[in-house]
Amino acid sequence: MRLQITTDIFDYWNALRGEQDAPLKSQIEPGAIPHLLSSLFILETEADRQIRFRLAGTKICDLFGHDLRGERFSALWANGHNEDIERTAKGVMDHTIPTLFNATGYSTAGHHAAFEIIVMPLRSPEGGCDRLLGAIAPAVAASWLEIVPLELLALDRSRLLHDKFGRAAQVEPRRPVEVAAEKHPTFGQAVLRVMSHFLHGATAR
């Protein structure tokens with residue numbers, strides 16, 4: 001991992017899990033990582049056995065030009081990579097091993113940029129891993145990313161983040177960071193409420 005966003009969310013996830021393979025989804029506290037929320041997403045396996053977005057941060061939705069909720073994770077990827085991506089995401093859930101993707105994103109106008117994408121398993125109270133916490137971040141800032149939506153992602157490589165990255169029994173989870181709300185005073189609070197709702201299942205679906 002080379003980018004601050006993917007490193008920070010991995011460190012947070014790693015600290016929470018301690019000696020477990022993965023933290024409980026209820027352990028994720030949006031208030032502890034407000035600076036990362038817009039770059040985070042949550043995936044889950046739906047009744048049709050497809051892995052879909054349960055939630056995607058504003059920066060991610062802006063990258064693709066629409067709300068990703070309910071969309072298949074594999075649908076973001078180029079033909080030929082879809083099955084590999086679906087299989088890898090299911091493997092992260094089944095084997096509780098976080099995975100890092102290096103990908104190139106292509107815009108509808110032909111631009112391209114490098115991205116890091118990380119997916120990490122979350123445990124349910126019953127013990128199985130039924131959701132993934134992830135983040136996506138561009139390798140370098142590019143002005144066109146704020147104007148022209150991405151059309152697809154092409155997989156460059158993926159790697160499993162085994163225990164060589166270290167468990168975090170001695171690492172303390174990051175303390176909540178105070179940040180100024182953007183655009184409206186209630187913006188940050190609204191994001192925290194939405195993230196908490198989807199992580200903790202406050203309302204039955």
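The values are calculated or read from the model by the stated rules, or taken from the named source; none is laboratory data. Quick caveat: nothing in here was measured; it's all calculated off a predicted structure. Cβ: placed from backbone, ideal geometry, glycine included. Neighbour counts: every protein chain shown. All accessible areas refer to the heavy atoms of the entire protein, side chains included, with ligands and DNA or RNA removed. Shrake-Rupley method; radii C 1.70, N 1.55, O 1.52, S 1.80 Å.
Sort the following peptides by mean Cβ neighbour count (other Cβ atoms within 10 Å, averaged over residues), highest first: 86-92, 101-107, 146-152. Display every interim value, and only then the final one.
On the way: 86-92: 17.3, 101-107: 19.6, 146-152: 15.4.
Per-residue mean Cβ counts within 10 Å order the peptides as 101-107, 86-92, 146-152.
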Express the carbon and sulfur contribution to the solvent-accessible surface of segment 1-71 as a percent, rounded to the nearest whole number, probe 1.4 angstrom. 44 percent
If you stretched the chain out fully between Ala109 and Val140, how much longer would it get, using 0.36 nm times the residue separation minus the C-alpha to C-alpha distance? 9.3 nm
Report the calculated FRET efficiency for Asp67 and Leu160 (r = Cβ-Cβ distance, R0 = 25 Å), to the nearest 0.05. 0.25
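Heavy atoms only, 1.4 Å probe, whole protein assembly: order His95, His35, His81 by accessible area, highest first.
His95, His35, His81
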Run the paramagnetic zone check for Asp84: 7 angstrom along Cα to Cβ, then residues of segment 134-160 with backbone nitrogen under 12 Å. 154-159
For a quick check: with amide H placed at 1.01 Å from N, whose amide H comes under 5 Å from Leu161's, ignoring anything fewer than 5 positions away on the same chain? Thr99, Leu100
Could you compute the FRET efficiency for Asp130 and Ala32, with r as their C-beta to C-beta distance and R0 at 22 Å, rounded to 0.05? 0.50
Vicinal HN-Hα couplings computed from phi for segment 82-96 (Karplus, 6.51 cos²θ - 1.76 cosθ + 1.60; Hz; Gly/Pro x): 4, 5, 4, 5, 4, 5, 5, 4, 5, x, 4, 5, 5, 10, 6
Under a crude label model (7 Å from the Cα following the beta-carbon direction), how far is Asp48 from Thr7 in nanometres? 3.9 nm
